[in-house]
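Student: Handing you this structure, nothing more for now.
The values are calculated or read from the model by the stated rules, or taken from the named source; none is laboratory data. From a predicted model like this one, the values you see are computed outputs, not experimental measurements. Methodologically, a virtual Cβ is constructed for each residue, glycine included, from the backbone with ideal geometry; neighbour enumeration extends over all protein chains shown. For accessibility, only protein heavy atoms count, side chains too; no ligands or nucleic acids. Shrake-Rupley method; radii C 1.70, N 1.55, O 1.52, S 1.80 Å.
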Number of protein chains: 2
Amino acid sequence: MTRNSTKGIREYIIGADIGGTFCKLGLFNGEGELFDKWKIPTARNDEGDVRDAERNMKVFDDLAESIEKQLTQHNICKNEIIGMGVGVPGPVNLEGVIDNCPALGWKNLNIPKILQKKIGIKISCGNDANLAALGESWRGFDRAYNDAIFITLGTGVGGGIICNGKIHRGAHGCGGEIGHIKVNPYETEIDGCGGRGCLQQYASATGIIRLAEKLGQGREKITAKDIFQRAKAGDELAIEAIEQFGEILGRTLAGICLVFDPEVVIIGGGISAAGEALVDVVRKHYRNWAYPPTKDMEFKLASLGNDAGIYGCAKLVLEQKGD
Amino acid sequence: MTRNSTKGIREYIIGADIGGTFCKLGLFNGEGELFDKWKIPTARNDEGDVRDAERNMKVFDDLAESIEKQLTQHNICKNEIIGMGVGVPGPVNLEGVIDNCPALGWKNLNIPKILQKKIGIKISCGNDANLAALGESWRGFDRAYNDAIFITLGTGVGGGIICNGKIHRGAHGCGGEIGHIKVNPYETEIDGCGGRGCLQQYASATGIIRLAEKLGQGREKITAKDIFQRAKAGDELAIEAIEQFGEILGRTLAGICLVFDPEVVIIGGGISAAGEALVDVVRKHYRNWAYPPTKDMEFKLASLGNDAGIYGCAKLVLEQKGD
């Protein structure tokens, strides 16, 4: 049991980050401190049946059931919960409607409406990468950052913009969608989005493998992790692949930072497991292309790992409480 | 004489946009309506003598004198003025200090401090391109835009980001400094900033001339205006130069809009005199490279011309009044 106010009023927040494989859940006190976290498998609805969307959404039933159980364990009443933040892997409009979420087979779902009905708690909904950006900039470091760019290097490249301490969604929900910035007009291969030369064709886990394969490292199946390990062991092809990756990412970030000019660039996602070696190569190329006043940009490795999203969910609830 | 409140309280704002050749000045009522404007030549201090900076700053004496005269003509007392906004052609920090302004030979000047002492009015100071962005997004169109990207295509390429109705300066004063985004890593010529492949090497008045010259249109001295006129008359080299210009600018804007995702992109500066022909070619290439949700981005020609800066100055004062 957690008391979080000298006045004896108990306030709690729930964070739920719905991913393609797992839903990560967290319980926070009213000051936004995480005191319990757990996860459940994400029930998939690959059929994407729009007509019966609500009925098919087993994931929401599972979430409701799991939350009820956890609240009972902690002896928390629903009226002590000031809100629940929900992250979803797709673009969410201002009303919390997700138009199309191929990762989960969802179409045109009003998440706050559905979940509020099932769980009886006020819901705030956002895009998962944006919420991870919010979580990292708020609680990832020894200070909170008001203006931050978060970039997640995983299977693809995602990102989020934090402006004045809040998510900058953008007029079309594309604030921080930097994985689709066109960095090479001469690219011939097509990206998942249908475009050519997207940043994520080079700066993701699949991108760095593609670069390594082009350099001749293609005889066996390799992973991004292998490439960083081989580079550390002195493998020249791996080193060159990482240099090419760093050059494209560093140069693109130099441009991104002339649009938004943040206090910090936070790098997360699977590739960030490579640690300081990753930051070093990106920063080196960034500095090479940066406009002088932005040369000393701060670069940080994301620090909250899989918890970034639920922290962002909690912050979203706290913001909307303040409004 | 202008009354601007039913309560009979008169409130006024002064805007002063200090350019390399002229200072543009404006008098606004308390609602931000411009009712008088004029300009004076900018006294240059090309020596940039830092030690005697204040004493040398004839431009500030000229401004003070001109403003006194205009206020007397309108029968306005200084205590009726809620503030004066000042635009300067260089990066300004949060305290209104300009570190380096090659255009005017200024170094390390605290503009609000100097001007407040001379004129006796509360001063707010900002970068000229940022203030033009603010003015255009606020008063340039039949609606105000909260989130806008303003790009000015002149001798160079400048810009400004408006976020939630305010200038986004950026942590290093480089918000919207999009003219220095590196768009061509293979460029061999050096830009004024010392870098290579900056957007302004292609998308400015000098940039489009360079593109035309490379295509063979270099026998006589031409201007950007000539190139647009020749293209209109069917000149194939001029058409091709404009296509190349539009391709680079449209593609870069497609990337910029994935960072910030504004409601509108506003195009100003000398080249914007080419009118809808300019917008059409930029939009065509933008759409070709845009990420689908941002394809229908609104593009507008700047509408306030040389008044954009003084409008931005007035808005800056109104914002700080509200704070």
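Student: Kindly establish whether residue B:175 is within 11 Å of chain A (Cβ to nearest Cβ), crowded, with 24+ Cβ neighbours inside 10 Å and within 16 Å of residue B:129 (Cα to Cα). Talk me through it step by step, then tell me what you get.
Tutor: Values: within 11 Å of chain A (Cβ to nearest Cβ): yes; crowded, with 24+ Cβ neighbours inside 10 Å: yes; within 16 Å of residue B:129 (Cα to Cα): yes.
Taking the combined requirement at face value, the residue satisfies it.
Student: Have a look at B:158, B:197 and point out the one that is within 24 Å of residue A:288 (Cα to Cα) and either β-branched (Val, Ile, Thr) or within 9 Å of chain A (Cβ to nearest Cβ) (or both).
Tutor: From the options B:158, B:197, the qualifying one is B:197.
Student: Here's a follow-up. Quick one: which residue in B:17, B:36 is outside any loop (DSSP other than H, G, I, E, B), surrounded by 18 or more Cβ atoms within 10 Å (Cβ to Cβ), at pLDDT 95 or above and of a type outside the set (S, T, N, Q)? Before the answer, list the steps.
Tutor: Working: B:36 fails: surrounded by 18 or more Cβ atoms within 10 Å (Cβ to Cβ).
Selected residue: B:17, the only one of B:17, B:36 that is outside any loop (DSSP other than H, G, I, E, B), surrounded by 18 or more Cβ atoms within 10 Å (Cβ to Cβ), at pLDDT 95 or above and of a type outside the set (S, T, N, Q).
Student: Out of (1) assigned to a loop (DSSP other than H, G, I, E, B); (2) more than 23 Å from residue B:145 (Cα to Cα); (3) in contact with a Lys or Arg (Cβ under 8 Å, 6 or more places away or on another chain), what's the single condition that is false for residue A:175?
Tutor: Answer for residue A:175: the failing condition is (2).
Student: Shifting gears a bit: Residues in the range A:210-243 that are assigned to a helix (DSSP H, G or I), surrounded by fewer than 20 Cβ atoms within 10 Å (Cβ to Cβ) and not acidic (Asp, Glu): how many? Working first, answer last.
Tutor: Here is the first cut: in the range A:210-243, the residues assigned to a helix (DSSP H, G or I) are A:210-214, A:224-232, A:236-243.
When the remaining residues are screened for being surrounded by fewer than 20 Cβ atoms within 10 Å (Cβ to Cβ), the result is A:210, A:213-214, A:225-226, A:229-230, A:232, A:236-237, A:239-240, A:243.
Then drop every residue that is not not acidic (Asp, Glu), which leaves A:210, A:214, A:225, A:229-230, A:232, A:237, A:239.
Total satisfying the criteria: 8.
Student: I need the full set of residues from the range B:131-146 which are more than 16 Å from residue B:267 (Cβ to Cβ) and part of a loop (DSSP other than H, G, I, E, B), in order please.
Tutor: Matches in the range B:131-146: B:142, B:143, B:144, B:146.
Student: Tally the residues that are more than 7 Å from chain B (Cβ to nearest Cβ) and either open to solvent by 10 Å² or more (accessible area, probe 1.4 Å) or touching a Phe, Trp or Tyr at 6+ places or on another chain (Cβ under 6 Å) (or both), restricting the search to the range A:246-261.
Tutor: Result for the range A:246-261: 5.
Student: On to the next question. Take the conditions away from every other protein chain (no Cβ under 12 Å), of a type outside the set (Gly, Ala, Ser), free of Cβ contacts under 8 Å to residues at least 40 places away in the same chain and buried (at least 20 other Cβ atoms within 10 Å of the Cβ) and apply them to residue A:111. Does it pass? Show your work before the answer.
Tutor: Values: away from every other protein chain (no Cβ under 12 Å): yes; of a type outside the set (Gly, Ala, Ser): yes; free of Cβ contacts under 8 Å to residues at least 40 places away in the same chain: yes; buried (at least 20 other Cβ atoms within 10 Å of the Cβ): yes.
Answer is yes for this residue.
Student: Condition first: open to solvent by less than 10 Å² (accessible area, probe 1.4 Å) and over 19 Å from residue B:263 (Cβ atoms). Now tell me which residues in the range B:132-156 satisfy that.
Tutor: Matches in the range B:132-156: B:153 only.
Student: Has the range A:283-300 got at least one residue that is more than 12 Å from chain B (Cβ to nearest Cβ), assigned to a loop (DSSP other than H, G, I, E, B) and in contact (Cβ under 8 Å) with a residue 60 or more places away in the chain?
Tutor: Among the residues of the range A:283-300, not one is more than 12 Å from chain B (Cβ to nearest Cβ), assigned to a loop (DSSP other than H, G, I, E, B) and in contact (Cβ under 8 Å) with a residue 60 or more places away in the chain, which makes the answer no.
Student: Continuing with the same structure: For the range B:282-311, enumerate the residues that are of a type outside the set (A, V, I, L, M, F, W, C), surrounded by 15 or more Cβ atoms within 10 Å (Cβ to Cβ) and within 20 Å of residue B:85 (Cα to Cα).
Tutor: Listed by number, the residues that qualify are B:307, B:309, B:311.
Student: Can you tell me which residue is surrounded by the fewest Cβ atoms within 10 Å (Cβ to Cβ) among those in the range A:118-131 that are over 11 Å from the mean Cα position of the chain (by Cα) and under 12 Å from residue A:316 (Cβ atoms)? Working first, answer last.
Tutor: Within the range A:118-131, the first condition is being over 11 Å from the mean Cα position of the chain (by Cα), and the residues that meet it are A:118-125.
Checking which are under 12 Å from residue A:316 (Cβ atoms) leaves us with A:122-125.
Values: A:122: 15, A:123: 22, A:124: 21, A:125: 27.
My answer is A:122.
Student: Does residue B:261 qualify as being touching a Cys at 6+ places or on another chain (Cβ under 6 Å) and modelled with pLDDT of 95 or more? Break it down stepwise before answering.
Tutor: Values: touching a Cys at 6+ places or on another chain (Cβ under 6 Å): yes; modelled with pLDDT of 95 or more: yes.
Against the criterion (touching a Cys at 6+ places or on another chain (Cβ under 6 Å) and modelled with pLDDT of 95 or more), residue B:261 qualifies.
Student: State all residues of the range A:178-192 that are in contact (Cβ under 8 Å) with a residue 24 or more places away in the chain and more than 7 Å from chain B (Cβ to nearest Cβ); if no residue qualifies, say none.
Tutor: Step one: of the range A:178-192, the residues in contact (Cβ under 8 Å) with a residue 24 or more places away in the chain are A:178-179, A:181, A:183-184, A:192.
Scanning the range A:178-192 gives A:179, A:183, A:184, A:192.
Student: Looking only at the range A:272-281, count how many residues are modelled with pLDDT under 95 and open to solvent by less than 10 Å² (accessible area, probe 1.4 Å).
Tutor: 0
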